[in-house]
Amino acid sequence: MATKKPKLYLSGDPEADQLLAQDPFALLVGMVLDQQIPLEWAFYGPFNLMQRLDDRLDAQGLAEMPRKL
């Protein structure tokens, strides 16, 4: 499957950058993470989360997840 070339180059990974370019929530998550960790890690974070959450990265889905203590 060929991926479209992203217009953002923040994470160093083409698939993660494509997600950032297409999904405003993913970009917001990356910006929040960028306050605490290196830029490339922060903007790769939403893609990593999406992979771990079975391709579901949305505010409601994250809010409904059970908390682990």
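The values are calculated or read from the model by the stated rules, or taken from the named source; none is laboratory data. Bear in mind that the values here come from a model prediction, so they are computed numbers and not experimental data. Heads up, the Cβs are rebuilt from the backbone with ideal geometry, glycines too, and the neighbour counts pull from every protein chain shown.
Could you list, ordered by first residue, the pairs with Cβ atoms under 6 Å in which the first is in region 43-69 and under 20 Å from Tyr9 (Cβ atoms) and the second is β-branched (Val, Ile, Thr), at least 6 apart or interchain?
Cβ pairs passing all conditions: Pro46/Val29.
If I go through region 37-69 residue by residue, how many of them are at pLDDT below 90 and assigned to a loop (DSSP other than H, G, I, E, B)?
Adding up the residues that qualify gives 12.
For region 34-69, which positions are surrounded by 16 or more Cβ atoms within 10 Å (Cβ to Cβ) and more than 10 Å from the chain's Cα centre (by Cα)?
Hit for region 34-69 is Asp34, nothing else.
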